[in-house]
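Notes for the one structure printed next.
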Amino acid sequence: MLTDKDGYFKVRLYCPSNVVYVSIVDGQMYGVSSTLTLNNVTIYEKPKNDDELKICCAEDIIIEGLDLILPLNITQTLSVSSPKGSTKSMTFYSTDESKVIFSHNVMKTLGETGNTRIFVRNKYGLGKYVDIEIIEGVNISFICERKFIRLNESLPFNLNITPHHYAKDQVIQISNEKATVVDGSITGKELGDVDLIVGISNESINETVIIHFTIVDDGTEYNNVERMKKQNLSIGDTYTTLGYYEDYDAGAATYRIMTYASFLESLPEDIKTVNFGTGAKQTPVDEYGNHTLDNGLVAKMLISDDGVVKVEQWGCKGDGRFDNTEALIHLFAHTKTGTIQFQNGENYLLYGRNKNIAYFQPQKYLLETEQSKYTNCT
């Protein structure tokens, strides 16, 4: 009894040849040439070649050189083999010639995407069906654990190119000399940004994917402000410290790297100039919440999404001994909205400014915090 399982079966029917061979696909019987057609079913006589007779189900057929996902307008040369017997008489066919056509064993995809089916079979109807998908172009998937590289570190990556047939045509380039690529690894040579460019290039395909990397000193974060200032950072870079003076001292912050001109433009209007006794001058970098790097660029501190600024991010200490006067004056001047946060229970000492630039006469103030925040700065 025949079932709806795909495969190739030997069956007995009432016909001149006692034993015949038919192919069952999706519950239907198919064939190429016949000695008898009975109720629109093609019947095959028993093969005279014992080697061909041994190939009796689809699992015995191996199609080589075929990708199951293919781009438009490409060709692939296929071959067929079987551990069970000869495949010399097998021929490839397409079920939808608007998507795929064959010239002998050379398959060509046309200009229509979607799913389709091809098959290979011999003159006795024995063979195999394969479902394939036609897509717009080549897919390049880049797999890597992260997008930053430590200096002198070799970071491995993998490429998944679909169809796999085009992996042999891949071209890998690097955008500058800050990194090198060897044997599936990218190695950071100089701090900064670099692009890994992966392309597929042959006479029928031209696809490119660009993957951006940042080469850093010891990861995405620097330990403190002083260490950050020594890095050769670039305009537009964003970096995060672990602390202001030392790791986890509550002064961790994120900075955007820019020119001094861009920093000055970003300041509130009322602090873009400052009087030094000889007239108004452009406001210098405060060096408390914002910092001049050793390469001359400026690291401007970014405010968190919740609008909270910690005084420790401006270099303050609540130990009752450290003079926080200048840091707090600059913090108050730069902060127009949001929340300024003091650590609960800490003592923040203020001495007052020097007479030359004094807003206060030199005397000692002690700010004892019982609440952790001063909010709604205006």
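Here are the numbers:
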item: Qualifying residue in the stretch 255-262 (condition: in contact with a helix residue (DSSP H, G or I) (Cβ under 6 Å, 6 or more places away or on another chain) and farther than 24 Å from VAL194 by Cα); result: no
item: Residue within the stretch 87-102 that is within 23 Å of VAL138 (Cβ to Cβ), touching a residue at least 60 places away in the same chain (Cβ under 8 Å) and not in a loop (DSSP other than H, G, I, E, B) present; result: no
item: Number of the condition not met by VAL309 [criteria: (1) part of a loop (DSSP other than H, G, I, E, B); (2) crowded, with 17+ Cβ neighbours inside 10 Å]; result: (1)
item: Residue identified as closer than 18 Å to GLY251 by Cα and over 33 Å from the mean Cα position of the chain (by Cα) among ASP306, ASP323; result: ASP323
item: Any hit, the stretch 22-29, residues being modelled with pLDDT under 85, out of contact with any His (no Cβ under 6 Å at 6 or more places or on another chain), in a loop (DSSP other than H, G, I, E, B) and buried (at least 16 other Cβ atoms within 10 Å of the Cβ); result: no
item: Unmet criterion (only one of (1) out of contact with any strand residue (DSSP E or B) (no Cβ under 9 Å at 6 or more places or on another chain); (2) at pLDDT below 90) for ILE271; result: (2)
item: Qualifying position, being out of contact with any Cys (no Cβ under 7 Å at 6 or more places or on another chain), among the polar types (S, T, N, Q), under 30 Å from ILE210 (Cα atoms) and touching a residue at least 40 places away in the same chain (Cβ under 8 Å), among ASN139, ASN152, ASN160, ASN115; result: ASN139
item: Qualifying positions in the stretch 80-115 - of a type in the set (Val, Ile, Thr), modelled with pLDDT of 90 or more and surrounded by fewer than 21 Cβ atoms within 10 Å (Cβ to Cβ); result: ILE101, VAL106
item: Residue in the stretch 270-283 that is touching a Leu at 6+ places or on another chain (Cβ under 9 Å), within 25 Å of THR238 (Cβ to Cβ) and part of a loop (DSSP other than H, G, I, E, B) present; result: yes
item: Filter result (part of a strand (DSSP E or B) and either free of Cβ contacts under 8 Å to residues at least 40 places away in the same chain or of a type outside the set (Val, Ile, Thr) (or both)) within the stretch 245-265; result: TYR255, ARG256, MET258
item: Residues that are over 19 Å from ALA250 (Cβ atoms) and not in a loop (DSSP other than H, G, I, E, B), drawn from the stretch 326-353; result: ILE329, ALA333
item: The stretch 318-341 residues that are free of Cβ contacts under 8 Å to residues at least 12 places away in the same chain and under 18 Å from LEU267 (Cα atoms), paired with ones that are basic (Lys, Arg) and outside any loop (DSSP other than H, G, I, E, B) (beta carbon under 7 Å, 6 or more apart); result: none
item: Restricting the stretch 266-300 to residues that are surrounded by 12 or more Cβ atoms within 10 Å (Cβ to Cβ) and either without any contact (Cβ under 8 Å) to a residue 12 or more places away in the chain or at positive phi (or both), the residue that is farthest from the chain's Cα centre (by Cα); result: VAL274
item: Residues located in the stretch 242-270, provided they are in contact with a Gly (Cβ under 9 Å, 6 or more places away or on another chain) and acidic (Asp, Glu); result: ASP249
item: Residue satisfying all of: in the stretch 116-147; surrounded by fewer than 14 Cβ atoms within 10 Å (Cβ to Cβ) and either in contact with a Phe, Trp or Tyr (Cβ under 6 Å, 6 or more places away or on another chain) or hydrophobic (A, V, I, L, M, F, W, C) (or both); modelled with the lowest pLDDT among these; result: LYS147
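The values are calculated or read from the model by the stated rules, or taken from the named source; none is laboratory data. Just so it is clear, the model here is predicted, and its values are computed rather than measured. Neighbour counts are summed over all protein chains in view; Cβ atoms, including those assigned to glycine, are modelled from backbone coordinates with ideal geometry.
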